[in-house]
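Note sheet for the following structure.
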Amino acid sequence: MLKDKVALVTGAGRGIGRAIACSLAKKGAFVIVNYNGSKEKAKETAALIEAEGGKAAVYGCNVADFEACGEMIAAIVREHGHIDILVNNAGITRDNLLMKMSEDDFDQVIDVNLKGCFNTMKQVSRQLLKQRSGKIINISSVAGVIGNTGQANYCASKAGIIGLTKSAARELGSRGITVNAVAPGFIETEMTAGLSDTVKESLKEQILLKRTGQAGEVAEVVAFLASEAADYITGQVISVDGGMAL
Ligand code: NAP
């Protein structure tokens with residue numbers, strides 16, 4: 001279904017990014033597994049893909065670095081001749097109540113989560129416009145839709161991703177490029193592993209399906225949005241949250 005497609009997944013060494021990389025590869029895409037700090041984990045993702053008969057390469061780049069994102073995308077186009085799918089998955093948290101949140105914690109989260117999406121989207125857009133095709137999928141969050149105590153920086157970044165997604169969908173639609181966001185709920189990864197049991201229980205209470213989600217459940221939706229089956233879907237925010245945001 002994604003045969004001959006080239007996909008870049010940011011932050012694909014672990015968690016949701018790894019699951020997305022594996023799903024896209026399973027459907028036939030050549031996947032570039034991007035990482036920032038976790039080179040070994042990224043290599044593991046690539047090895048998992050190759051063990052299943054898929055194709056992958058790893059590429060280290062801090063998505064908060066505009067120039068580095070440009071170099072990464074230029075290298076992919078040089079190597080493969082095209083790039084078809086961009087999944088902006090890289091993300092961090094620096095949680096604290098607004099009163100206690102440092103300026104640095106605010107800036108870091110915006111730089112990686114929101115500006116990181118701008119950096120890769122801006123750097124890839126010229127190539128996609130030339131191709132007159134492409135799929136961009138940005139990972140937002142339920143937190144960007146309904147807000148969350150202790151996550152003003154994170155929620156602002158994830159809400160910003162929704163605005164960025166809708167604007168880019170408007171700008172790029174006439175050239176056959178789709179831009180969508182996926183808003184996961186409470187998914188079991190390293191990002192949520194550190195939450196206290198009390199917080200986890202209270203979050204579960206808000207989920208209509210009364211359970212946490214798995215990275216693979218987000219990845220399936222991303223793989224659908226990256227496929228031809230979703231050619232007529234753009235500018236949307238698809239929640240994968242067990243009904244949490246309802
Ligand atoms: P995770 O396990 O903490 O993984 C985060 C990933 O982001 C890692 O692969 C990390 O790579 C990468 N990353 C961080 N900073 C980066 C940078 N500057 N440049 C490139 N990559 C960077 O988190 P996750 O739960 O899988 O989350 C993945 C995405 O889903 C994030 O955008 C997150 O906000 C979103 N999300 C998660 C949940 C959830 O419940 N887990 C819910 C809603 C949304 P390195 O280790 O190489 O730095």
* Asked: Condition test on Thr120, is it on the phi < 0 side of the Ramachandran plot and more than 11 Å from the ligand (Cβ to nearest atom)?
  -> no
* To do: Tell me, please, whether a residue that is closer than 30 Å to Met99 by Cα, assigned to a loop (DSSP other than H, G, I, E, B) and of a type in the set (Ser, Thr, Tyr) can be found in the range 155-168.
  => no
* Selection count where residues are within 13 Å of the ligand (Cβ to nearest atom) and assigned to a loop (DSSP other than H, G, I, E, B), scope the range 123-146 -> 2
* Members of the range 199-209 found to be at pLDDT 95 or above and loosely packed, with under 14 Cβ neighbours inside 10 Å, listed by number -> Leu208, Leu209
* To do: Would you mind finding the one in Gly185, Gly163, Gly147 that is open to solvent by 30 Å² or more (accessible area, probe 1.4 Å), at pLDDT 95 or above and either in contact with a helix residue (DSSP H, G or I) (Cβ under 7 Å, 6 or more places away or on another chain) or within 18 Å of Gly17 (Cα to Cα) (or both)?
  => Gly147
* First in the range 57-76 and touching a residue at least 40 places away in the same chain (Cβ under 8 Å), second anywhere and among the acidic types (Asp, Glu) and within 10 Å of the ligand (Cβ to nearest atom), Cβ under 6 Å, 6 or more apart -> Ala64/Asp111
* Filter result for Ser174 (modelled with pLDDT of 95 or more and either of a type in the set (A, V, I, L, M) or farther than 21 Å from Phe224 by Cβ (or both)) -> yes
* Please enumerate the residues belonging to the range 169-191 that are assigned to a helix (DSSP H, G or I), of a type outside the set (A, V, I, L, M, F, W, C) and under 16 Å from the mean Cα position of the chain (by Cα). => Glu190
* To do: Only one of these is within 13 Å of the ligand (Cβ to nearest atom) and either surrounded by 15 or more Cβ atoms within 10 Å (Cβ to Cβ) or of a type outside the set (S, T, N, Q) (or both): Ala193, Ala226. Name it.
  => Ala193
* To do: Would you check if Gly60 is under 22 Å from Gly194 (Cα atoms), within 16 Å of the ligand (Cβ to nearest atom), in contact with a Phe, Trp or Tyr (Cβ under 9 Å, 6 or more places away or on another chain) and small (Gly, Ala, Ser)?
  => no
* To do: Give me the pairs, please: first residue somewhere in the range 199-227 and assigned to a loop (DSSP other than H, G, I, E, B) and among the polar types (S, T, N, Q), second residue anywhere and open to solvent by 70 Å² or more (accessible area, probe 1.4 Å) and within 11 Å of the ligand (Cβ to nearest atom), beta-carbon distance under 8 Å, and either six or more positions apart or on two chains.
  => Thr212/Glu188; Gln214/Glu188
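The values are calculated or read from the model by the stated rules, or taken from the named source; none is laboratory data. Source: prediction; values computed, not measured. All Cβ positions, glycine included, derive from the backbone under ideal geometry; neighbour counts span all protein chains shown. Side chains are part of the model used for accessible areas, which takes the heavy atoms of the whole protein and leaves out ligands, DNA and RNA. Shrake-Rupley method; radii C 1.70, N 1.55, O 1.52, S 1.80 Å.
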